[in-house]
Structures are given as C-alpha cells and as structure tokens.
Amino acid sequence: MIPVVNHIFKFSMKRKTSDAETVINIHRTTEKFLSLIHSLQLKSGAQVDNLDWATDILEHWKSISADDPEIPETSKIRALTGFLLRDIKDFWRVALLTSLLLSKVDGMKEDQETEQLDFQLDKLRERYLTIEGTICELGLDSIWDVNPLVNGRVIMEIAELKGGYHIREWQQKLLTWQLAYPNGSTDECKDWMRKVKAKRQRTE
C-alpha cells in the first residue's frame with residue numbers, strides 16, 4: 001500500500017513525498033485512535049489493558065502505578081494518548097474524526113451498504129467535541145512540543161549505560177512517567193529512574 005500511495009502523490013497528484021507520508025501516518029493513527037475512543041469519552045483507562053500497538057507503554061505504566069497507589073486515574077489514558085499524539089502531531093484532529101467515522105463503518109451489518117449508514121452527524125459531532133475536550137483538558141493538545149525531562153546523556157549516566165537499545169527503552173519508560181505525571185519535575189523523574197535501577201539490580 002505504501003509504495004502505491006507514494007506513487008499517486010508524487011506522480012499523479014504532483015505532491016511532495018512528505019504529503020504521502022502524512023496521509024499514511026493519519027491512517028495508521030486512526031486505527032490506534034479507534035481503540036481509545038471509548039476510554040477518552042469516559043476519561044478512564046480501565047478498558048485499555050490489551051492493545052497490540054501499546055504493549056510496552058502499558059507495561060511501563062503498570063510498573064509505575066504499582067509503586068504509586070495514588071497515581072491519577074487518568075494517567076493511563078493520558079500516557080497512551082500522549083504517545084499517539086506525539087506521533088501524529090497537528091493532524092490528530094483529522095485522525096480523531098476519521099476514527100469516529102470508521103467506528104460507524106465497522107459497526108455495519110454484513111448485508112448493509114455504506115450508503116445506508118446513518119452517521120447521525122449531531123451525535124458524531126458531540127462525541128468528537130467530548131473527546132477533543134478531554135484531550136485538551138489533559139493538556140495533550142500540543143504534547144509533541146514538550147521536551148523530555150531527561151536526555152540521553154543523563155540516562156546513560158544514571159543507568160550506567162554506554163549506548164544501545166537500552167537507551168531507547170529508558171526513553172520510552174521516562175516518557176511514560178512524564179505523561180503519567182504532567183507536573184513532575186526533572187529531579188523527581190531522575191529519582192524515579194534511580195529507584196527503578198536499584199530495584200532491577202536487587203532482582204538480578
């Protein structure tokens with residue numbers, strides 16, 4: 001599919017390759033957004049324990065929440081949505097609308113044609129505004145502009161690493177922590193990292 005989309009945009013539509021990449025990214029994000037719609041409406045992560053695209057993120061969140069019984073109820077859905085929006089950036093509203101439309105199509109009966117669908121635009125608009133409001137309320141509407149609290153050099157220093165895939169693993173862990181605790185400081189993030197490192201050393 002990807003080569004076909006690139007060809008259409010570059011040669012048929014005379015558009016930039018980056019435009020094709022944007023469209024492909026929107027479609028990929030739409031599928032992921034679809035799995036979060038209900039939870040974003042309820043402002044709860046109770047129904048998102050098993051997501052193929054977010055296995056590592058969920059594992060990191062479970063590890064974080066296990067050590068903090070007072071972690072905010074919205075932290076899980078905030079972390080998942082935050083990773084999603086950091087990937088799609090300014091086009092998240094397009095991806096959200098597309099996922100809402102797709103949810104109606106997915107609910108079609110086998111003998112039903114697309115033309116027969118009643119999209120109930122008023123209800124669709126209400127759902128869109130509710131989810132958009134939740135995302136803004138969670139402070140995620142421009143989350144891609146937020147810098148990580150801890151950079152790679154500090155990770156290597158605290159975790160005593162020289163490089164490799166472990167750096168990326170720590171970056172994902174720390175970003176999950178940062179999304180779960182939007183008011184957390186750099187020092188708090190470093191302290192958490194040291195605790196995780198010490199706990200891992202005790203179990204090895």
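Add +1 for every Lys or Arg and -1 for every Asp or Glu among the other residues with Cβ under 14 Å from the Cβ of ILE167, and state the total.
Details: positive: ARG153, LYS162, ARG168, LYS173, LYS197; negative: GLU157, GLU160, GLU169.
Result for the neighbourhood of ILE167: +2.
Looking at the square roots a ≥ b ≥ c of the eigenvalues of the Cα gyration tensor of region 139-204, which shape do they give, rounded for a/c under 1.5, prolate if a/b is larger than b/c, or oblate? Mind dumping the intermediate values first?
Details: a/c = 2.20, a/b = 1.62, b/c = 1.36.
Here region 139-204 falls in the prolate category.
Using the number of other C-beta atoms within 10 angstrom as an exposure proxy, rank ILE64, ILE26, ILE77 with the fewest first. All intermediate terms of the calculation are to be shown ahead of the outcome.
Values: ILE64 21, ILE26 17, ILE77 25.
Ordered from fewest to most neighbouring Cβ atoms within 10 Å, ILE64, ILE26, ILE77 come out as ILE26, ILE64, ILE77.
Quick check: residue separation of LEU161 and ASP19 times 0.36 nm, minus the Cα distance between them. What number comes out in nm?
So the extension gain works out to 47.3 nm.
Which pairs, out of LYS32/LYS199; LYS89/LYS197; LYS43/LYS199; LYS162/LYS199; LYS32/LYS123; LYS89/LYS195, put more than 29 Å between their alpha-carbon atoms? Walk me through the numbers before you get to the answer.
Details: LYS32/LYS199 32 Å; LYS89/LYS197 32 Å; LYS43/LYS199 31 Å; LYS162/LYS199 20 Å; LYS32/LYS123 21 Å; LYS89/LYS195 32 Å.
The pairs that break the limit, which is 29 Å between Cα atoms, are LYS32/LYS199; LYS89/LYS197; LYS43/LYS199; LYS89/LYS195.
Any read-out appearing in this document is the output of simple, stated calculations on the displayed coordinates, not a laboratory observation. What you see is a predicted model, and the numbers here were worked out from it, not measured in a lab. For neighbour counting, all protein chains shown are included, and Cβ atoms are generated from backbone atoms with ideal geometry for every residue, glycine included.
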